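The values are calculated or read from the model by the stated rules, or taken from the named source; none is laboratory data. Given the structure is predicted, the values throughout are model-derived calculations rather than measurements. Every residue, glycine among them, receives a Cβ derived from its backbone with ideal geometry; neighbour counts consider all protein chains shown.
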Amino acid sequence: MAAYYIGNYDIIDPNEFQKYPPLVLALLPKYGGVVLASDTNGLLLEGSARTMNAIIRFPSKEAVLDLYNDPAYQEAKRIRQPSTRNVSMVVVEEFPPAPIPIDFFSRLAAPGRSPEIPESADVYGWLCGSWELDVLHYDRIKTAGRGLKGEVHAARVLEGRAVQDVWIMPRHEDRRADSDKTMNMYGTTLRSWDASLQAWRIAWTNPASGHREEQVGCWNGTNILQEGTRADGTKTRWTFAEITPDSFHWRGEALDPGEDTWTMEGEFLAKRTGS
């Protein structure tokens, strides 16, 4: 742990004392010493002023003692002692460094795709960034024409083995405490690569409404298809279609038990707003 030598004294024989500093400066590199301050005109706040005030940083207390006991310093000391008075020399240790707070988001986020995932299987990398949503259907209700907007933000996480997103509707700036829960989405999807399936496991949760889904996703031609089955036997089919670098069309469909026709539950048109 770093240590600091703090020296204060009055110089009573300047001619003799001037031989002392060069001898000390020559020794400092040997012991890792660095002069931080040396002032003959210090600002006095309390106590008694001294002619010389110096602060020298060392790697440790032991380094200071090793210099002090060095024969070369003993020679220098024989010059300093008769040319000064009111000497005070102390060594103080640096405070232990404060623990660096762990930044949750820096531990979660990843700069790129994990090398464990083949480039051809990087189904969701293109989704990373920010998107604006036009909401066409939600909760099996046609909402086109209402001007309902949402937003999506996605990024690689967990050392690049997953892509996580947050879907928000209404938009963050439009949200209110009394928002209609049936038209309220503030949820997240964790899309994790599963090498055993050569596909992505999907876990969606929207605490605002209590909606949860588990699916498996992969390429389906130029689209992305996510499929799952709810506890009551309802099959789900979520699709990213018409994918371009700056837009996509998302559809969420369900096939209720005993039915032959898929029902549109959610539909969004997305436009990129940020990378």
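If you go through region 210-229 and keep only what is in a loop (DSSP other than H, G, I, E, B) and either hydroxyl-bearing (S, T, Y) or at pLDDT below 95 (or both), you end up with G210, T222. Taken as a whole, the condition of being within 18 Å of S130 (Cα to Cα) and either part of a strand (DSSP E or B) or not small (G, A, S) (or both) does not apply to T261. Total residues in region 7-58 satisfying the condition of being over 43 Å from the mean Cα position of the chain (by Cα), assigned to a loop (DSSP other than H, G, I, E, B) and not polar (S, T, N, Q): the figure is 8.
A quick yes/no check of all residues on (1) in a loop (DSSP other than H, G, I, E, B); (2) crowded, with 19+ Cβ neighbours inside 10 Å:
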site: E159; (1), (2): no, no
site: V166; (1), (2): no, no
site: E173; (1), (2): no, no
site: R176; (1), (2): yes, no
site: A203; (1), (2): no, no
site: A208; (1), (2): yes, no
site: A231; (1), (2): yes, no
site: T236; (1), (2): no, yes
site: T239; (1), (2): no, yes
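Taken over region 120-141, the criterion of being among the charged types (D, E, K, R) and in contact (Cβ under 8 Å) with a residue 12 or more places away in the chain is satisfied by E132, D134, D139, R140. Applying the set (1) among the hydroxyl-bearing types (S, T, Y); (2) assigned to a helix (DSSP H, G or I); (3) surrounded by 12 or more Cβ atoms within 10 Å (Cβ to Cβ) to Y4 leaves exactly one unmet item: (2).
Of all residues in region 167-180, none that is in the same structural domain as L148 (by TED's automatic domain parsing) has its Cβ atom under 6 Å from the Cβ atom of a residue that is hydrophobic (A, V, I, L, M, F, W, C) and modelled with pLDDT under 85, 6 or more apart or on another chain.
Residue pairs whose Cβ atoms lie under 6 Å apart, sitting 6 or more positions apart in sequence or on different chains, and linking a residue in region 228-256 that is under 20 Å from A203 (Cβ atoms) to a partner that is not in a strand (DSSP E or B), are G233/P257; T234/D256; E253/W262; A254/T234.
For region 94-111, the condition of being in contact with a helix residue (DSSP H, G or I) (Cβ under 7 Å, 6 or more places away or on another chain) and farther than 30 Å from E173 by Cβ holds for none of the residues.
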